[in-house]
1. Give the residues of segment 2-27 that are at positive phi and of a type in the set (A, V, I, L, M), sorted by residue number.
2. Please find, within segment 1-29, the residue that is surrounded by the fewest Cβ atoms within 10 Å (Cβ to Cβ) out of those that are of a type in the set (Ser, Thr, Tyr) and within 19 Å of residue 69 (Cα to Cα).
3. Condition check: of a type in the set (D, E, K, R), surrounded by 15 or more Cβ atoms within 10 Å (Cβ to Cβ) and under 14 Å from the mean Cα position of the chain (by Cα). Does residue 77 satisfy that?
4. Conditions first: (1) more than 13 Å from the chain's Cα centre (by Cα); (2) surrounded by 15 or more Cβ atoms within 10 Å (Cβ to Cβ); (3) hydrophobic (A, V, I, L, M, F, W, C). Residue 93 passes all but one, so which condition is the exception?
5. Given the criteria within 22 Å of residue 98 (Cβ to Cβ), over 11 Å from the mean Cα position of the chain (by Cα), surrounded by 15 or more Cβ atoms within 10 Å (Cβ to Cβ) and not polar (S, T, N, Q), does residue 64 qualify?
6. Give all pairs with beta carbons closer than 7 Å in which a residue from segment 1-26 that is more than 29 Å from residue 46 (Cα to Cα) meets a residue that is aromatic (Phe, Trp, Tyr) and surrounded by 15 or more Cβ atoms within 10 Å (Cβ to Cβ); count only pairs at least 6 apart in sequence or on separate chains.
Amino acid sequence: MEFIERKRILFLGLPWTFTKYTVREDMINIKAGLLKTIEDDCYMYKIQDVQLVTTLIERIFGLGTVVCFTGDTTHQKLCLVHIKNAKAVKDFILEASEAARMKRRTLNTLDIGSAVADDLD
């Protein structure tokens, strides 16, 4: 399964921008620009959490912003801005990232203050 969405302007939700998001089962690709293009990828197993943000104007025009919190060094917060079908894209990313972590057998851990244990000695 694959989602291909374009970043849209808020006025009537028209796709007049040159940013294209491609969400596949193994990675997210962002391609932006007209004369100078920048292409960025993030593997699904690096995505730790997904958030859906919809403002009032976005809801009026059927848009939304999907924010992916990743363990990637270049983009710790990856935003898919003003896209249609934002809820479906968010759910797909959440399920695909969990499946990719299970497939690679990776584990997300948090540092909850391990330095405190050193002070007890």
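What follows is calculated from the coordinates using simple rules that are stated; it is not laboratory data. Note that this is a predicted model, so its numbers are computed, not measured. Positions of Cβ are backbone-derived with ideal geometry, glycine not excepted, and every protein chain shown enters the neighbour counts.
1. Answer for segment 2-27, where residues must be at positive phi and of a type in the set (A, V, I, L, M): just 12.
2. If we take residues in segment 1-29 being of a type in the set (Ser, Thr, Tyr) and within 19 Å of residue 69 (Cα to Cα), then 22 is surrounded by the fewest Cβ atoms within 10 Å (Cβ to Cβ).
3. Numbers: of a type in the set (D, E, K, R): yes; surrounded by 15 or more Cβ atoms within 10 Å (Cβ to Cβ): no; under 14 Å from the mean Cα position of the chain (by Cα): yes.
Against the criterion (of a type in the set (D, E, K, R), surrounded by 15 or more Cβ atoms within 10 Å (Cβ to Cβ) and under 14 Å from the mean Cα position of the chain (by Cα)), residue 77 does not qualify.
4. Here residue 93 clears every test but (1).
5. For residue 64, the condition - within 22 Å of residue 98 (Cβ to Cβ), over 11 Å from the mean Cα position of the chain (by Cα), surrounded by 15 or more Cβ atoms within 10 Å (Cβ to Cβ) and not polar (S, T, N, Q) - is met.
6. Listed pairs, sorted by first residue: 10/61; 12/61; 13/61.
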